[in-house]
There are 2 protein chains.
Amino acid sequence: MKNPIVQCVPNISEGKDIKKIEYITEPLKHQVGFKLISVEPDKDYHRSVITLIGNPEDMIEPLIKFFMRAQETIDMRKHQGEHSRMGAVDVCPFIPILDITIEECVSYAKLLAEKVAQELNVSVFLYAKAAQNEDRINLPDIRKGEFEAMNDKMKDPKWMPDFGPTEMHPSFGVVAIGARIPLVAYNIDLSTTDEKIARSIARAIRQSSGGFQYIQAGPVFLEERGHAQVTMNILDFKKNPIYRIFETVQMEAKRYQVDVTGSEVVGLIPKEALCDSVKYYRLANKESFNKDMEISELIVQSKKYLKLRDFDELKIIEANL
Amino acid sequence: MKNPIVQCVPNISEGKDIKKIEYITEPLKHQVGFKLISVEPDKDYHRSVITLIGNPEDMIEPLIKFFMRAQETIDMRKHQGEHSRMGAVDVCPFIPILDITIEECVSYAKLLAEKVAQELNVSVFLYAKAAQNEDRINLPDIRKGEFEAMNDKMKDPKWMPDFGPTEMHPSFGVVAIGARIPLVAYNIDLSTTDEKIARSIARAIRQSSGGFQYIQAGPVFLEERGHAQVTMNILDFKKNPIYRIFETVQMEAKRYQVDVTGSEVVGLIPKEALCDSVKYYRLANKESFNKDMEISELIVQSKKYLKLRDFDELKIIEANL
């Protein structure tokens, strides 16, 4: 019998108050058919990334409860953070992992979108592979203007939501729900407090300004940690492997006498993405590479070469299946 | 009074027989209004790159004579070389340098195209900024299939030439004439004879397979010199500066235990492109950078950092004005 497995990664606009985050995510815990893998709050972003893995069918009702608790708890009119955002639940993608096509993921995205619109009276945009037209494929295009601009933006027929009212919910804002192939959310730490340097480096690597094809990147200053960071999505890690981005950022940083001091994966990463990068460094150092190495060894090597911090086995998709 | 200056860079499919090359280019020498800057034959490519600088108006008649001599001398049915090609004169772009717009360059391209078609009975495609439709912007799309496929290709209405007969001239082949902004034709030498390694590296950096936005790149094995090379066009050196490509090629080469042993500019390069790269290395090495340095100093620095070979002042556009 078919047992489809997806990864579902809702992001909420609350990254500081652990009690609120606990309350909002509680309906996703101890459920049949899927696992709550991680909740990653970020104080500087004022945002948490939540990762579920399992059968999408079983996720829908608990997700609705989770959306309702976010609506109840978060007031976007008071929200400020380093990450751009437009809603209490800001985005919610379904990602095929095993025994499921991207088209089936699109169907689940639409099902969830319809229910969220109905039961919360919230406007929903379908994005990425679920997008109904080209303008809505890229999340940054939908989110442009952020929460503050959304009510006006939806008055333009071009930006009518796919589900729900054209009037914005005053405290929730709007949400993008969709389906996409796995991406790697990856950040590189810089030994500087100067966000402008992070911005110049982000421009050098990102597709929109001449850099690599499958990279979205931007600068951020992490107040808590006290340094700047290049934050990015690697949309196709096979075509733009992590090591290549890591090395290019390091190379660009040199002109500012800045070092790369660390890097982090947000959410999950496919094992293959780490293997590809470890392989590069092993070969470049004239060392042997064994693609069937133990996962614990892969983690040691990844931490060594990519200076990964806050990383453990549970961040690797395959370790959670 | 306005004195428009363009660069015009016809490429011919003869890179071995110096006497033939002399004969073909003779009508371009000692002319009023423009200068023949260089003739760069390449035996492995079996191709020569010819560079003119000056008033485009004055170039047209001498160029027609040059085209006629190429037609008289080169038989494409016998041509073999490392570089893809489709005609005796393979491509001829006009590039705005001073006091002229790209649109005016397009007009000169069309004028030349019409005359070549008429006087040589040769099929001409307009490309780059002169292209009449989207399929013809990229030269590699027009040239796909090369000389051998062109007669069949032109039977498809989609590939009807812009000027001249739909039947291919049997010995000349076809030519692309157009206008474009300055690009940098740049090659990086590898310490290997393995063309496959050059291909993998080319894939890592070129736009079509996930690399940098404004890079076209491919592999080549240089028989005469006895090593492989990554050959490329940098279409926008401001967005993809040379140093970034040079460093990325070096980084990728490491996994094969291959070194970058040198690099070369084919044709001319804007001074600014060299300055940008020298600046990067000076800053990365914590050295001062003076953008008004003497051109002789700029050359010394460029050779040092980019391992440039066969390079002198006359390869810098500004030194020829």
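Observations
- Scanning segment A:213-240 for residues that are more than 14 Å from chain B (Cβ to nearest Cβ) and within 17 Å of the chain's Cα centre (by Cα) returns A:Gly218, A:Pro219, A:Val220, A:Gln229, A:Val230, A:Thr231, A:Met232, A:Asn233.
- Segment B:275-296, residues that are out of contact with any strand residue (DSSP E or B) (no Cβ under 7 Å at 6 or more places or on another chain) and more than 12 Å from every other protein chain (Cβ to nearest Cβ): B:Cys275, B:Ser288, B:Asn290, B:Lys291, B:Asp292, B:Met293, B:Glu294, B:Ser296
- Condition met for A:Val122 (among the β-branched types (Val, Ile, Thr) and within 18 Å of the chain's Cα centre (by Cα)): no
- Residues that are of a type outside the set (A, V, I, L, M) and within 11 Å of another protein chain (Cβ to nearest Cβ), drawn from segment B:193-212: B:Arg203, B:Arg206, B:Gln207, B:Ser208, B:Ser209, B:Gly210, B:Gly211, B:Phe212
- Exactly one residue out of B:Phe94, B:Phe147, B:Phe125 is in contact with a His (Cβ under 8 Å, 6 or more places away or on another chain) and not aliphatic (A, V, I, L, M), and it is B:Phe147.
- Taking the listed residues A:Phe237, A:Phe289, A:Phe221, the one that is buried (at least 20 other Cβ atoms within 10 Å of the Cβ) and among the aromatic types (Phe, Trp, Tyr) is A:Phe237, with no other qualifying.
- Search result, residues across segment A:154-179 that are surrounded by fewer than 23 Cβ atoms within 10 Å (Cβ to Cβ) and either under 20 Å from the mean Cα position of the chain (by Cα) or more than 24 Å from A:Glu72 (Cα to Cα) (or both): A:Lys155, A:Asp156, A:Pro157, A:Lys158, A:Trp159, A:Met160
- Filter result for the condition that a residue is touching a helix residue (DSSP H, G or I) at 6+ places or on another chain (Cβ under 6 Å) and more than 14 Å from chain A (Cβ to nearest Cβ), over B:Leu321, B:Leu308, B:Leu314: B:Leu308
- Any hit, segment A:66-80, residues being closer than 20 Å to A:Ile5 by Cβ, touching a residue at least 12 places away in the same chain (Cβ under 8 Å) and not in a loop (DSSP other than H, G, I, E, B): yes
- Note on segment A:241-264: among residues that are closer than 14 Å to A:Ser191 by Cα and polar (S, T, N, Q), the one that is nearest to the other protein chains (Cβ to nearest Cβ) is A:Gln257.
- A:Thr25 in a strand (DSSP E or B) and crowded, with 17+ Cβ neighbours inside 10 Å: no
The numbers here are math on the coordinates, done by the rules we state, and not lab data. Just so we're clear, the structure is a prediction, and the values are computed from it rather than from any experiment. Because the Cβ atoms are built from the backbone with ideal geometry, glycine has one as well, and the counts that use them run over all protein chains shown.
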